[in-house]
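K.L.:
Here it is, the structure in full.
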């Protein structure tokens with residue numbers, strides 16, 4: 001087994017080694033309850049990362065996910081009062097719409113995806129600030145319990161948000177592995193010119209990938225706002241970096257084509273373990289950002305497929 | 001000054017300036033208060049820090065790369081400047097002036113690191129710089145512990161408080177820095193090399209240019225201008241903190257693109273960026289004068305950048321875009 005074959009096993013090996021390392025530092029870490037808490041805490045971030053995976057899988061990037069999630073925390077809180085549980089599908093549709101617009105701008109107008117999503121993120125930020133009146137909003141406890149009570153609490157000892165995240169993982173996995181869409185995205189990620197040449201509706205599939213990312217970002221925002229019982233246009237700040245780190249550390253390279261949502265699952269767990277280990281090692285929260293920034297650089301450098309980028313701009 | 005005339009003619013070249021004039025005329029008609037020296041001075045003040053940052057990033061976009069690290073770099077520069085400044089007596093009258101060159105050096109160092117990560121590890125500049133921007137924000141948070149550092153030296157604040165010809169000193173200083181940037185862009189080998197790399201990296205490489213070195217130099221140079229932006233931002237508010245850098249990324253990239261510097265590199269320049277920054281700030285100011293809330297700005301900027309990129313793109317020349 002040479003290095004190249006080994007490369008795809010890096011992510012889970014990293015995860016196991018990290019977990020053992022932290023386990024040696026503090027044996028309590030490996031207790032089941034602690035591991036479940038860990039997984040529960042990372043659920044929201046993981047859902048956002050799941051969506052971003054689809055966009056990175058086709059070799060693009062989505063920098064708007066955090067802004068969309070921010071906006072959705074506000075909209076969900078506002079909509080809950082008027083339409084109750086229907087706020088959920090509406091929020092997801094709005095998220096998908098924003099993602100779709102990013103995809104539209106990126107494909108039809110040939111604007112690079114990082115600029116297109118940055119711009120759409122700016123619009124989402126504006127909407128969130130406008131709708132909230134630039135202040136934090138709170139959900140009515142009874143309404144929240146009625147409409148979204150099922151999202152919080154535990155079932156059989158497992159946090160509900162973790163179960164939701166796992167269900168969404170399965171949905172994403174089915175899309176990726178068992179649908180025409182999944183195949184098409186793989187083809188686009190593996191080699192876009194070839195996908196175009198073989199008659200694939202590349203632009204349409206790319207727009208769908210962006211829409212999926214927007215929808216998942218919205219679900220992350222919705223879950224987060226239910227969890228914290230409110231919304232604000234800055235609530236999900238700090239999600240973007242670890243979410244992208246989760247995708248890349250999991251082994252989906254910036255150039256796309258390989259990896260996928262299962263990799264992101266492992267990547268999100270790696271992020272969770274790193275976060276926890278930093279608590280044990282007394283690393284201040286601010287330093288985490290520095291560390292994740294460096295991890296991101298490292299992960300990109302290791303995973304990127306340099307045969308696909310002729311000149312690195 | 002290089003132009004865009006080979007694709008789109010003179011109209012495309014002058015379009016940003018025409019848009020600026022049209023906006024000024026429009027807002028003046030909506031509210032006559034807009035067209036006054038007092039209001040122009042206000043626009044000048046708000047445009048100064050983003051102008052410096054956008055000018056720095058212009059060099060990078062001319063090379064066909066992009067820099068998204070400015071929020072982190074500006075935060076680090078501002079915090080380091082304020083810390084040194086206060087440690088050395090807290091006034092420009094004493095040894096505190098040493099903090100000014102130190103700040104510029106820190107800016108250059110930030111850019112150098114970003115450039116080295118991008119070129120050395122061969123990863124796309126938008127991700128390299130985004131990551132380093134996060135690192136910068138983390139660094140500045142660590143240095144301040146989330147606190148604000150007050151810089152109240154009247155001599156330093158005179159950048160804002162002293163006026164000359166109706167405009168604060170910082171506007172005049174910024175104009176001198178802009179002339180310096182123009183000099184680098186058009187009269188130095190380094191400036192020409194930016195256009196060479198942006199116009200076609202393979203060709204630049206084939207003609208013996210050390211493309212990697214030019215790229216790193218470009219990022220370091222941009223860092224110096226981010227440091228100028230940080231200095232003006234601190235002078236404006238009298239406060240240095242991590243939030244000093246917030247929002248500069250979006251505003252500066254929008255300004256550059258709106259000014260007519262194409263994202264693909266090889267065209268545009270610092271005068272385009274001046275026009276772009278003025279367009280963005282005139283719109284912001286005009287919306288406030290018209291009574292629209294401040295937060296509409298991000299949405300408008302988002303639309304602007306999309307429109308500007310679309311208009312400036314020669315789409316036939318692009319096979320596909322990631």
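K.L.:
Would you mind pulling out the separation of the Cα centroids of the range A:1-70 and the range A:114-178, in Å?
P.N.:
19 Å
K.L.:
Would you please classify the overall shape of the range A:17-176 from the alpha carbon gyration tensor, given that a ≥ b ≥ c denote the square roots of the eigenvalues, rounded means a/c under 1.5, and beyond that prolate means a/b larger than b/c while oblate covers the rest?
P.N.:
On the way: a/c = 2.05, a/b = 1.24, b/c = 1.65.
The shape class here is oblate.
K.L.:
In what order do B:172, B:118 fall by count of nearby beta-carbon atoms within 10 Å, going from fewest to most? Let's see the in-between values first.
P.N.:
On the way: B:172 17, B:118 30.
Fewest-to-most ranking of B:172, B:118: B:172, B:118.
K.L.:
Rounded if a/c is under 1.5, else prolate if a/b beats b/c, else oblate: with a ≥ b ≥ c from the C-alpha gyration tensor eigenvalues square-rooted, which is chain B? Kindly include the intermediate steps, with their values, before the conclusion.
P.N.:
On the way: a/c = 1.73, a/b = 1.12, b/c = 1.55.
The shape class here is oblate.
K.L.:
While we're on this one: Within 10 Å of each Cβ of B:135-148, how many other protein chain Cβ atoms are there on average? It would help to have the intermediate numbers written out before the result.
P.N.:
On the way: counts 9, 3, 5, 12, 5, 1, 6, 6, 1, 1, 2, 2, 0, 0.
Shielding by partners across B:135-148 averages 4.
K.L.:
Can you pull a Stokes-Einstein diffusion coefficient for the range A:44-303 at 4 °C (1.567 mPa s), Rh from Kirkwood over Cα pairs, as a whole number of µm²/s? Kindly include the intermediate steps, with their values, before the conclusion.
P.N.:
Working: Rh = 18.4 Å.
It diffuses with D of about 70 µm²/s by this estimate.
K.L.:
Under the classification rounded if a/c is under 1.5, otherwise prolate if a/b is larger than b/c and oblate if not, where does the range A:35-107 fall, given a ≥ b ≥ c as square roots of the Cα gyration tensor eigenvalues? Walk me through the numbers before you get to the answer.
P.N.:
On the way: a/c = 2.60, a/b = 1.12, b/c = 2.32.
Cα axes put the range A:35-107 in the oblate bin.
K.L.:
In whole Å and largest first, what semi-axes does the C-alpha gyration tensor of the protein assembly as shown yield when each eigenvalue is scaled by 5 and square-rooted?
P.N.:
Working: eigenvalues 299, 162, 138 Å².
Here the semi-axes work out to 39, 28, 26 Å.
K.L.:
Given the rule -39500 (n - 2.57) for each run of at least 4 DSSP H residues, summed and divided by the residues of chain A, what is its mean residue ellipticity at 222 nm, to the nearest 500 deg cm²/dmol? Present the calculation step by step, with values, prior to reporting the outcome.
P.N.:
Values: 14 runs with 229 residues, N = 313.
Value at 222 nm, helices only, nearest 500: -24500 deg cm²/dmol.
K.L.:
Nearest 0.05, what FRET efficiency do residue A:85 and residue A:20 give at R0 = 60 Å with Cβ-Cβ as r?
P.N.:
On the way: r = 43 Å, r/R0 = 0.72.
Approximately 0.90, to the nearest 0.05.
K.L.:
Roughly speaking, what is the centre-to-centre gap between the range A:230-299 and the range A:180-206 when only Cα atoms are used, to the nearest Å?
P.N.:
Spelled out, the Cα-based centre of one part sits 28 Å from the other.
K.L.:
Residues of A:299-305, mean number of Cβ from any other protein chain within 10 Å of their own Cβ, rounded to a whole number? Don't jump to the answer; show the numbers that get you there.
P.N.:
Numbers: counts 3, 8, 7, 2, 1, 5, 0.
Shielding by partners across A:299-305 averages 4.
K.L.:
Largest first and to the nearest Å, give the Cα extent of the range B:88-137 along each principal axis.
P.N.:
The Cα atoms of the range B:88-137 stretch 45, 18, 11 Å along their principal axes.
K.L.:
With all pairs of different alpha carbon atoms counted, what Kirkwood hydrodynamic radius in Å does the range A:125-265 show? Display every interim value, and only then the final one.
P.N.:
Working: mean 1/r = 0.0574 Å⁻¹.
About 17.4 Å, per the Kirkwood formula over Cα pairs.
K.L.:
Sort B:271-281, B:285-295, A:208-218 by the packing proxy (mean of other Cβ within 10 Å over each peptide's residues), most packed first.
P.N.:
Ranked from most to least packed, the peptides come out as A:208-218, B:271-281, B:285-295.
None of the figures in this text is laboratory data; all of them are computed from the coordinates on show. None of the values given here were measured: they were computed from a predicted structure. Note: ideal-geometry Cβ built from the backbone for every residue, glycine included; neighbour counts use all protein chains shown.
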